[in-house]
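All of the numbers you see were taken from the coordinates with simple rules; none came from a lab. What you see is a predicted model; the values in this text were computed from it and never measured.
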Amino acid sequence: MKKIEAVIPPSSLGMIRAEFVRRGVCGNLTVTEVRHGETHGPVNGNSDESLKDKIKIELIVPDRQIDKAVNVILRHAMTESSDRHGHVTLLNVDEILQLTHPMPSECAGKQ
């Protein structure tokens, strides 16, 4: 399994989500609003001016769906502007622990 993290323009999110569904990419999608920019370059009085509003999406997918999911992001996250668009990061996932409420019978004998 891999965790895909991608920083994309906000306008791309709807198309990427729709394409994940259409192409059968499975997983839970986490979306976070972020500010994205370079760590170097000219700094004005307000360094936040160089940061652009972006969306960070996170998705854990089985190995067989990695190429499909990354291709969807790369195809639909491009914009026509000349600024840096974002990035896609792939991280290995060794284990996933699911957070759930315990069943009442599991809790009855524990105190």
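Points to keep in mind about this one:
- When the listed pairs Lys3/Lys68; Lys2/Lys52; Lys2/Lys54 are checked against a 20 Å cut-off, the alpha-carbon distance exceeds it for Lys2/Lys52; Lys2/Lys54.
- Phi angles across the range 13-23 convert, under the Karplus curve 6.51 cos²θ - 1.76 cosθ + 1.60 with θ = phi - 60°, into 3J(HN,Hα) values of 4, x, 5, 5, 4, 4, 6, 4, 5, 4, 8 Hz, Gly and Pro given as x.
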